[in-house]
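Heads up: the structure comes next, in C-alpha cells.
The values are calculated or read from the model by the stated rules, or taken from the named source; none is laboratory data. Since the model is a prediction, treat every value here as computed from it, not as a measurement. Here the Cβ positions follow ideal geometry from the backbone for every residue, glycine too, while neighbour counts run over all protein chains shown.
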Amino acid sequence: MGLFGREEATEYEIIPGQNLRCEICHHGRFYSREGKIQTTGMTFLDLDWANASATCLVCEKCGYVHWFLPT
Ligand SMILES: [Zn+2]
C-alpha cells in the first residue's frame, strides 16, 4: 500500500527523452498532485509566481516531493 492508496504511480518525462528520477533514491515512478503555492509568509521573497499552482510529483518509493512550477 502506497502513500495514496490504490492510485498507480507512473513515470514522468519532464525533459523530452528523459524520464524523471527521484532526487533522493533515483526511483522512477511518481504520484501526481496539484499543489497551490501559498503567498502567506512568502511575500518578502517577491515571488511573481506566488498563487500559481504547481505540479507535485511524489516519489513512490521514498515520498520525496518534486515541485514543478509552470514555465
Ligand atoms: Zn525517492
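Across the stretch 40-71, the qualifying residues are those that are in a strand (DSSP E or B) and not aliphatic (A, V, I, L, M), and the one among them that is modelled with the highest pLDDT is 59.
Entry remark, the stretch 21-39: residues being within 9 Å of the ligand (Cβ to nearest atom) and at pLDDT below 90 number 0 in total.
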